[in-house]
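See structure below.
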Amino acid sequence: MMIRTVLTAALMLLLSGCGAGEKADVLYECPSPDGSLIATLYRVSDGAREIDRETRLNVRPATTAFNDSMFSFAMRHGYDAIVRWSSEQQLEFVYPLDSELIHVENVIFGSSQTFNSTQQIVVTYREEPSTHGYFMVEKRCLSGVEAIR
């Protein structure tokens, strides 16, 4: 009986140390100029170490619920980003200079899970210097006229 209790306690301790899977935290959402699409910047973590965290970008119709498994961009060691929608089909994503890029898609094609299958969004990526992975700016979401430099 004592061995069974010790084994049960050890198993519970082992399982609790393995984590409960990924945890996603939304940092901010940025609507497209006409509001039909939303770009969501979020952080995913599956552990306590820095290497276990990624910052990701999800683009979806405004009428669709956020799904953290659908993403077009992922980075490590960059904790911030600036999203600029110049049109419904053109998105610029600015990320910190020393980020480690994990996943990059230059064109986001629609699918049954995202938006119209004939629609595509061209994404340009640009790295800029940051302060420890963060940008010192007031606005991180720019849309329409304010996004055009």
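Sorting check: for 23-34, 81-92, which peptide has the highest mean count of neighbouring beta carbons within 10 Å, and how do the rest follow? Mind showing how you got there, number by number?
On the way: 23-34: 15.6, 81-92: 20.3.
In decreasing order of mean packing, 23-34, 81-92 become 81-92, 23-34.
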Could the peptides 72-79, 126-133 be put in order, highest first, of the mean number of other beta-carbon atoms found within 10 Å of their residues?
72-79, 126-133
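Calculate the FRET efficiency for residue 77 and residue 146 from the Cβ-Cβ distance with a Förster distance of 22 Å, rounded to the nearest 0.05.
Working: r = 29 Å, r/R0 = 1.30.
Once rounded, the FRET efficiency stands at 0.15.
Bear in mind these aren't lab numbers, they're just calculated from the coordinates by the rules spelled out. Quantities reported herein were computed from a predicted structural model and do not represent experimental measurements. Glycine gets a Cβ as well: all are built from the backbone with ideal geometry, and neighbour counts include every protein chain shown.
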